[in-house]
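Inspection log for the structure reproduced underneath, given as structure tokens.
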Amino acid sequence: MTSTRPAHLRALALENIHPEGAQVLGAGSFAVETRTDALGEAALIEALGGVHVLGLRSSTNVTSAVLDAAPDLLAIGAYCIGTNQIDTGAAARRGIAVFNAPFSNTRSVVELALAEIIALTRRLTERDRAMHAGVWRKSASGAHEVRSRRLGIVGYGNIGTQLSVLAENLGMQVLFYDTADKLALGNARRCESMEELLGEADIVTLHVDGRSGNSGLFGEREFALMRDRAVFLNLSRGFVVDYEALRRHLESGHLAGAAVDVFLREPKTADEEFVSPLRGLPNVILTPHIGGSTEEAQRDIGSFVSGKLVDYVRSGSTALSVNLPRLVLPEVAGEHRIVHVHRNTPGVLAQINGVLAGDGVNIDGQYLATRGEIGYVITDVGADLAPSTCELLEKLPETIRLRVLS
Ligand SMILES: NC(=O)c1ccc[n+]([C@@H]2O[C@H](COP(=O)([O-])OP(=O)(O)OC[C@H]3O[C@@H](n4cnc5c(N)ncnc54)[C@H](O)[C@@H]3O)[C@@H](O)[C@H]2O)c1
């Protein structure tokens with residue numbers, strides 16, 4: 001499968017991506033068609049004719065059948081965090097890069113967690129509910145400052161680390177536990193085990209990733225290990241926590257409150273009832289998976305993903321691609337840049353260089369990265385490339401896709 005740089009680049013952006021996303025694509029010389037809806041398989045196949053870049057969110061599925069029917073497609077942008085809706089492996093095997101926005105909404109999640117930590121520690125939702133019911137319950141009992149309280153962060157990644165920094169600014173003492181070795185920021189203290197953290201923290205907040213091994217990570221045993229009257233938050237993934245166990249520990253009074261944003265089964269539409277053992281409990285804040293849902297995050301996601309798509313099409317840069325080998329590239333060093341996606345077998349680089357040397361093409365710069373079954377080579381050359389040279393490169397048995405950028 002081969003393509004050189006097309007004269008007119010076309011982008012199709014589905015599912016109402018933020019206008020900033022379309023703007024960045026437009027500034028990158030794409031003719032952009034935006035649509036508010038998601039597309040089913042047949043409609044998507046029809047819409048992708050002549051499209052070089054596809055933008056979508058979580059409701060459009062890109063199957064291998066869709067990819068087979070889209071020979072012009074160079075890259076897909078998921079304007080969200082997850083990429084489960086895209087067959088990323090099939091895309092890589094066709095030389096199509098996939099990008100997402102892994103940390104554009106980090107700050108939004110952190111701010112919600114902080115708001116909830118303060119609200120739960122002051123028992124604000126209870127006071128609020130009572131006031132709306134006409135009850136004036138002025139009491140300091142059970143209400144605390146967050147200053148000096150110990151915040152236990154499980155999962156010290158993009159979100160956990162940023163929460164750590166902001167929580168310290170509020171005067172909290174931060175403990176964290178992560179399965180990977182992580183640099184402790186500020187005065188945060190690393191715990192050797194989750195058990196150690198649970199035995200010390202006044203507030204436990206989960207920010208682990210969605211790997212399958214985290215299913216059921218937090219259940220009866222872990223809640224039992226938490227301190228008396230501690231507070232629990234989960235803004236990571238629904239399948240990580242046993243909410244029946246959480247309910248028992250809230251009802252018994254062992255835990256003082258909880259905030260939950262993510263659930264194993266989440267309604268697909270507003271018409272579907274939200275069912276959870278946590279409904280109706282006092283000092284429990286329930287939110288409909290809105291941790292990352294702010295206008296600021298949507299705008300950042302739009303410009304971030306579109307920026308990655310433009311970079312990839314213009315320079316071949318695959319920084320933060322979720323499926324192609326990653327190469328962060330300088331500007332084109334010579335006259336032309338040969339972008340070569342191939343099956344990762346020994347000797348491909350030698351074959352490429354053999355073709356170029358045989359046609360008297362001098363190499364100004366060359367970069368190689370591999371990822372599983374896919375290899376990626378960028379070669380900058382000073383001279384014009386004869387069509388026959390490109391043909392020879394295309395015909396190499398392991399070539400998946402060849403592009404020549406000028
Ligand atoms: N509620 C929302 O709207 C929302 C928005 C964005 C992200 N999220 C979720 O928040 C979570 C964290 O996101 P992130 O960007 O910080 O992810 P990340 O990948 O940067 O960090 C996750 C961290 O958790 C650690 N980890 C994984 N399993 C662990 C375990 N069992 N015990 C201890 N540490 C463990 C990893 O080593 C990593 O450091 C993800 O699950 C993500 O899907 C939710």
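The values are calculated or read from the model by the stated rules, or taken from the named source; none is laboratory data. Not measured: the values here are computed from a predicted model. Glycine gets a Cβ as well: all are built from the backbone with ideal geometry, and neighbour counts include every protein chain shown.
Candidates are the residues of region 302-329 that are touching an Asp or Glu at 6+ places or on another chain (Cβ under 9 Å) and not polar (S, T, N, Q); the one that is surrounded by the most Cβ atoms within 10 Å (Cβ to Cβ) is GLY302. Restricting attention to region 129-168, and to residues there that are of a type in the set (Ser, Thr, Tyr) and over 17 Å from PRO282 (Cβ atoms), which single residue is farthest from the ligand (Cβ to nearest atom)? If we take residues in region 129-168 being of a type in the set (Ser, Thr, Tyr) and over 17 Å from PRO282 (Cβ atoms), then SER148 is farthest from the ligand (Cβ to nearest atom). Of all residues in region 208-229, those that are more than 18 Å from PHE263 (Cβ to Cβ) and assigned to a loop (DSSP other than H, G, I, E, B) have Cβ atoms under 9 Å from Cβ atoms of residues that are within 14 Å of the ligand (Cβ to nearest atom) and at pLDDT 95 or above, 6 or more apart or on another chain, in MET226/GLY152; MET226/LEU198; MET226/ALA201; MET226/VAL204; ARG227/LEU198; ARG227/ALA201; ARG227/VAL204. Candidates ARG190, ARG211, ARG237, ARG221: the one that is more than 13 Å from the ligand (Cβ to nearest atom) and among the basic types (Lys, Arg) is ARG221. Before we move on, is ARG247 closer than 30 Å to ALA319 by Cβ and either part of a helix (DSSP H, G or I) or not hydroxyl-bearing (Ser, Thr, Tyr) (or both)? It is false that ARG247 is closer than 30 Å to ALA319 by Cβ and either part of a helix (DSSP H, G or I) or not hydroxyl-bearing (Ser, Thr, Tyr) (or both).
With respect to (1) surrounded by fewer than 17 Cβ atoms within 10 Å (Cβ to Cβ); (2) near the ligand (Cβ under 7 Å from one of its atoms); (3) farther than 14 Å from LEU235 by Cβ, the lone exception for GLU195 is condition (2). Residues satisfying the criterion are absent from region 246-255 (criterion: surrounded by 17 or more Cβ atoms within 10 Å (Cβ to Cβ), at positive phi and of a type outside the set (Gly, Ala, Ser)).
Scan region 59-88 for residues that are assigned to a strand (DSSP E or B) and within 17 Å of ALA319 (Cβ to Cβ) and the total you get is 4.
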